[in-house]
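The values are calculated or read from the model by the stated rules, or taken from the named source; none is laboratory data. Note that the coordinates shown come from a computational prediction; the quantities given were computed from them, not determined experimentally. Here the Cβ is made from the backbone with ideal geometry for all residues, glycine too, and neighbour counts use every protein chain on show. The protein model used for the area step is the full one, side chains on, heavy atoms only, and it has no ligands, DNA or RNA in it. Shrake-Rupley method; radii C 1.70, N 1.55, O 1.52, S 1.80 Å.
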Amino acid sequence: MKIQHKIVAIPLTVMLLVSTITFILIETYLESQLIERNKNELNTLAMASLESVRTLETIDTQGEQHVIRSFQKLAENIAHAGDFRVTYIDANGRVLGDSDISFDQLSHIENHADREEIQLALANGKGIAERYSATLSTDMLYVAVRSNEGHYTDNNSHLAHPIIARIARSQSSIYAAIYELRETLFLTGVLSIAAVLALGLFGARIMKRTVQNEQQLLEKRVEDRTTEISILQTFGGLLNACSTLDEASEVLNNVIPRLLPEFKGSISIIKSSRNRLDRIADWGGDWPGADRFAPGECWSLRKGHQHLSTEHGIQTLCHHWVDIPTDHQTLCIPLLAQGETIGVLHFVMPMDVSLDHYKGLSNAISEQVGLTLANIQLRDSLREQAIRDPLTGLFNRRYMLEALDQSHSRAERTQTEIAIMMIDLDHFKLFNDNFGHDAGDHVLKAVSQVLKDSLRQEDIACRYGGEEFCIVCPSTNEQQALQIAKRIGKGISSLELNMNQLSLGTVTTSIGIALYPNHADNMEDTIKAADEALYVAKQNGRDRAEIAQPIFVEKAEEQPALEAEFEPVAETENA
């Protein structure tokens, strides 16, 4: 049995059982009340008829026949008032008058002294009995009441006192009333059950429709939740595979609008200096917030947890918002990873959007994004530490070798040249011994900055070891390499080196230049050729650049080696 059928059948069965019991109780109660009422009515009539007997006391001495005829007439007159039978009986049980028989039949009626109601009336003043009447062929209810007088026999009329008035009524009228009552109750019960059945079926139909709607809604919620979980899993997998912030930003722009279609959003990350946040990604349209802001401008960073601009009906906007429509609200969620705040996730949504539905989803997104950004920053930091020289900030030798492999492959494809410069500071050991290692570090940092300023964007500057540097210049010929070397040499020789208000003097550099494939047929030999050219520059007086000899001896005999001496200049030329 289906649930909707049970909903109808169970109440209907209970109601039927209760109604049946109720009808039986009501019928029993009303039947007893009708019988009791009938008894009281008959008792009242019997008392009233006894009062009428007193009018016969004056004729009590006029002869027996005349007295009996008077009782008969009185019984008939009283019986005309209703559907009952009136009988007068003396103390000896003789019938003096009966409304249902004629005067002539009175002498043939048997003595009533043995009647139950007569005996009770003589003994107690009132008697009630129910029995079948053979004369009337029906069940009768008898109520007999005797007059309040002593026992005596009148000598003139031969009447035995006290006189008893008996009122009888057929039980068929009571049975008819009970039958009508039973029919009424049954009809009422049937109509009630029919009404309950109709209402139950109607309610079951409504409930079925409601249950179906709720089931469809629940299935849709489950489906939406399953879709959200699937998207979140894909989202997490994509973020974990991202190696740069740009890749993470692209994933965020593609996935989050599907999870939160009614939201505009952006992500800002804290700089390593901890004094500024920069926006790295946004989605959902024009962003109404600042591109950069201080940590103190965001309430979520101040409070240490998410901040809703309309929380508890109090509108409190962060200072980094520029233009927020009045019918929108904002949400800022700190991005945490391993107990450290690394950024903020911002949302802008309409006022009628309930955040309770999206609370779990937004928190899941913020947790995943926080962990991903932390991993990317950690990887970037480790990568920087692995490829950067901690003192100068230039690339280290390991990175240079990897970059050379890439540049070599590109040069092979494009049939271009690669220039490699080996740079060494002149007399740096003597400088280090005179001024100390701190001063030497200061000089190395200043020289590194000159290298950064003098090179092109595609050129790679590396610290090769100690005071020696290596520059890789893709797609560069001899003349271009020589110009870059002259620019570097002039920039270094023009440095004004000061430390702790102490002048450190000037420093010069020697540069050796070699080109692939002109001076070697592989990158390792090209580095060796540049290193040999560096030694030539040292031997030729330092503060100069030398080009390595070509790989072909015949070509070297035909063309003299290129060299350049550096002339101090007032300002360093731009790259």
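Table for the structure above
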read-out	value
Hits in segment 478-506 (condition: open to solvent by 10 Å² or more (accessible area, probe 1.4 Å), closer than 16 Å to residue 545 by Cβ and in contact with a Leu (Cβ under 7 Å, 6 or more places away or on another chain))	478, 482
Residue 387 being in contact with a Phe, Trp or Tyr (Cβ under 7 Å, 6 or more places away or on another chain), buried (at least 17 other Cβ atoms within 10 Å of the Cβ) and closer than 19 Å to residue 481 by Cα	no
Subset of segment 456-468 [touching a Lys or Arg at 6+ places or on another chain (Cβ under 9 Å) and under 15 Å from residue 487 (Cα atoms)]	461
Qualifying residue in segment 165-179 (condition: at positive phi and of a type outside the set (Lys, Arg))	no
Residue 221 vs. criteria in a helix (DSSP H, G or I), within 19 Å of residue 359 (Cα to Cα), open to solvent by 80 Å² or more (accessible area, probe 1.4 Å) and outside the structural domain of residue 371 (by TED's automatic domain parsing)	yes
From 185, 201, 191, residue being modelled with pLDDT under 80, within 30 Å of residue 30 (Cα to Cα) and not charged (D, E, K, R)	185
Subset of segment 143-157 that is part of a loop (DSSP other than H, G, I, E, B) and open to solvent by less than 80 Å² (accessible area, probe 1.4 Å) - its residue that is modelled with the highest pLDDT	147
Within segment 76-111, considering residues that are under 19 Å from residue 138 (Cβ atoms), modelled with pLDDT under 85 and of a type in the set (Gly, Ala, Ser), the one surrounded by the most Cβ atoms within 10 Å (Cβ to Cβ)	79
Residue list for segment 185-197, restricted to those being without any contact (Cβ under 8 Å) to a residue 40 or more places away in the chain and surrounded by 11 or more Cβ atoms within 10 Å (Cβ to Cβ)	188, 190
Residue satisfying all of: in segment 412-430; modelled with pLDDT of 90 or more and aliphatic (A, V, I, L, M); farthest from the chain's Cα centre (by Cα) among these	425
Test: residue in segment 289-310 that is closer than 20 Å to residue 364 by Cβ, touching an Asp or Glu at 6+ places or on another chain (Cβ under 9 Å), surrounded by 13 or more Cβ atoms within 10 Å (Cβ to Cβ) and assigned by TED's automatic domain parsing to the domain that holds residue 362	no
Selection count where residues are under 20 Å from the mean Cα position of the chain (by Cα) and either modelled with pLDDT of 90 or more or exposed (fewer than 12 other Cβ atoms within 10 Å of the Cβ) (or both), scope segment 311-328	1
In segment 465-477, residue farthest from the chain's Cα centre (by Cα) [restricted to those that are assigned to a strand (DSSP E or B) and surrounded by fewer than 20 Cβ atoms within 10 Å (Cβ to Cβ)]	468
Per-region count, segment 460-478, residues free of Cβ contacts under 8 Å to residues at least 60 places away in the same chain and of a type outside the set (A, V, I, L, M, F, W, C)	4
Residues satisfying the stated conditions in segment 224-260, i.e. part of a loop (DSSP other than H, G, I, E, B) and either without any contact (Cβ under 8 Å) to a residue 12 or more places away in the chain or more than 19 Å from residue 284 (Cβ to Cβ) (or both)	242, 243, 244
Subset of segment 161-181 [of a type outside the set (Asp, Glu) and surrounded by fewer than 16 Cβ atoms within 10 Å (Cβ to Cβ)]	172, 173, 175, 176, 177, 179
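One line per residue, one yes/no per condition, for (1) open to solvent by 80 Å² or more (accessible area, probe 1.4 Å); (2) within 29 Å of residue 514 (Cα to Cα):
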residue	(1), (2)
354	no, no
359	yes, no
380	no, no
399	no, yes
